[in-house]
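Structure first, commentary second.
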Amino acid sequence: MHSPTQSKFRGCLLGSLMGDCLGAPYEGQEITSGDKIIIQRYFDKMEDPSFKGPFKKYTDDTAMMRSVANFLLDKPDGDMKHLARLFVNEFFKQPGRGYGQNVVEVFEKLKDTKYKDVFKPATEQFNGSGSYGNGGAMRMAPIPLFFNDNFDAMLKVAEESTKITHTNLLGINGALLQCLAIHQAFQADSSRPVDVQSFCAELLKKIKKIEDNAYEVEDQSETPFCSKLKQMQSLLKKKPSDDLDEEVIYILGNGISAYESVATAIYCFLRAQTDIPGIQTSDQLRRTLQYAITLGGDTDTIACMAGAIVGAHLGEGAINKNLLQHCEKHQQIEELADKLFEATSGV
Ligand code: F2R
Ligand code: MG
Ligand code: MG
Ligand code: MG
């Protein structure tokens, strides 16, 4: 029997892995209502203990999340050069894991310049505007676990680790929003469903402070992720209808940018607190991942981010072992979660 905290460490990293592995086959697809039935059958089949199939492979999302976890274990005081090296070594070992098209240039420059200025290559992306991709957000899971008790250190490391590859404010604040969502879910009581409106309101307060500071705006101005969260609050009040998922995609997005995916992942977690029409399962973690995938688009990443949040809330007990066994390197990720837990608890 593991402690509730250890269970949450495992739940978060395994939920992240499962979203990535199970979502990856659908990445980049537009999903029709016929596909939703196919996705229901895909999950049903893999949940059947007698089904044997090849592993569902993990992608860049997990490769980079694992580097972040190893960085925290190796350098708890945060030497970003070390993290940059781990990202680069991992990429050159296995470049075929479906990395973002442009982030590869950052890895090459970091290697060529021998990590001299670890943040410079990222600042040069997209003619100096920096990447706003969701690559910072997708690898966030270990940070809120590790810094659970130190909010300021958590945000500092979340921001600096993101800036190695993403310097556009949308890429950075999207990663911070994902970090805050996991942290909040981690701290919430796993025996009770989350109150979706209070969860949003609390998150909104925290991201508003960060965005107001970053954009130096007046109190009344609307900043990007605050506006997304307010729209999410309205969506969560709506009754399910045939058009609701289209509206979710239109308003929150399902794309490769942080702006069009982080709020969507949080919405998936909150929406799956209760039954979702067309998704037949009583398993909340599966419902979260399956719903994220049926929204289409950047399915591995949105499911990965949603999986990290729901896993951090419910813990390991919510992980369906039949589904997990189809995910590549699940044992290694479980061990990594245990090491992170031990490092924070002094076990
Ligand atoms: N790359 C993918 N999926 C493509 C298909 C993969 C295929 N299945 C395969 O196996 O090959 N997925 C992964 O990439 C996303 C994370 O990307 P990241 O790390 O943020 O990378 P990057 O290159 O910095 O940004 C991604 C794209 O966003 C657009 N973009 C970003 N900033 C921009 C800016 N300032 N101006 C214009 N465009 C910008 C670009 O198109 C970038 O290429 C995850 O989905 C992960 O799963
Ligand atoms: Mg990926
Ligand atoms: Mg993706
Ligand atoms: Mg196993």
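The values are calculated or read from the model by the stated rules, or taken from the named source; none is laboratory data. A quick note: this is a predicted structure, and the numbers were derived from the prediction, not measured. Quick reminder, even Gly has a Cβ in these numbers, built from the backbone with ideal geometry, and neighbours come from all protein chains shown. When the accessible area is computed, the model is the full protein with side chains, heavy atoms only, and any ligands, DNA or RNA have been set aside. Shrake-Rupley method; radii C 1.70, N 1.55, O 1.52, S 1.80 Å.
Summary of values
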item: Surface accessible to a 1.4 Å probe, residue 336 within the full protein complex, Å²; result: 10
item: Distance between segment 1-41 and segment 61-87 - C-alpha centres, whole angstrom; result: 23
item: Zero-based 10 Å bins, Cα pair distances in segment 233-306, whole percents; result: 21, 59, 19, 0
item: Shape of the chain, Cα gyration tensor, a/c cut at 1.5; result: rounded
item: Carbon and sulfur %, accessible surface of segment 129-243 computed with the full protein complex present, 1.4 Å; result: 47
item: Full-extension gain in nm, residue 201 to residue 251, via 0.36 nm per residue minus C-alpha separation; result: 16.2 nm
item: Neighbourhood charge, 13 Å Cβ-Cβ cut-off, centred on residue 259 and excluding it, Lys, Arg +1 and Asp, Glu -1; result: -2
item: FRET efficiency, residue 215 to residue 51 (Cβ-Cβ, R0 56 Å, nearest 0.05); result: 0.70
item: Value of relative contact order over the chain, rounded to a whole percent, pairs C-alpha under 8 Å and six or more apart; result: 35
item: Under 18 Å from residue 52, Cα to Cα: lysines that are on another chain or at least 8 residues apart; result: 321, 329
item: Helix runs (DSSP H) in the chain reaching 24 Å along axis by Cα, Kyte-Doolittle at least 0.5; result: 169-187
item: Accessible area in square angstrom per residue, segment 23-139, 1.4 angstrom probe; result: 53
item: Per DSSP, loop GluC sites (Glu not before Pro) in segment 77-185 with at most 16 further Cβ within 10 Å; result: 124
item: Estimated [θ] at 222 nm from DSSP helical runs (n ≥ 4, -39500 (n - 2.57)) normalised by residues in the chain, nearest 500; result: -19500 deg cm²/dmol
item: Charge sum, other residues only, whose C-beta stays under 13 Å from residue 290's C-beta, Lys/Arg counted +1 and Asp/Glu -1; result: 0
item: Accessible area (Å², 1.4 Å probe, nearest 10) - residue 198; result: 60
item: Area of residue 123 that stays accessible when all protein chains are in place (1.4 Å probe, Å², to 10); result: 60
item: Once exposed loop trypsin sites (Lys or Arg not before Pro) are cut out (DSSP; at most 15 other Cβ, 10 Å), longest piece of the chain; result: 117-237
item: The chain: Cys lacking any partner C-beta under 4.7 angstrom; result: 12, 179, 200, 226, 268, 304
item: Surface share of carbon and sulfur [accessible, 1.4 angstrom probe, percent] for segment 1-80; result: 53
item: Accessible area expressed per residue, segment 267-312, with surrounding protein chains retained (probe 1.4 Å, Å²); result: 19
item: Separation between Cα centres of segment 202-256 and segment 312-347, rounded to whole Å; result: 30
item: Solvent-accessible ranking of 147, 71, largest area first, probe 1.4 Å; result: 147, 71
item: Net charge of neighbours whose Cβ lies under 12 Å from the Cβ of residue 23, counting Lys and Arg as +1 and Asp and Glu as -1; result: -3
item: Max mean-square fluctuation residue, GNM over the chain, Cα-Cα springs under 10 Å, options 14, 203, 145; result: 203
item: Violating pairs (Cα-Cα greater than 22 angstrom) within the set 205/230; 81/205; 93/114; 75/208; result: 81/205; 75/208
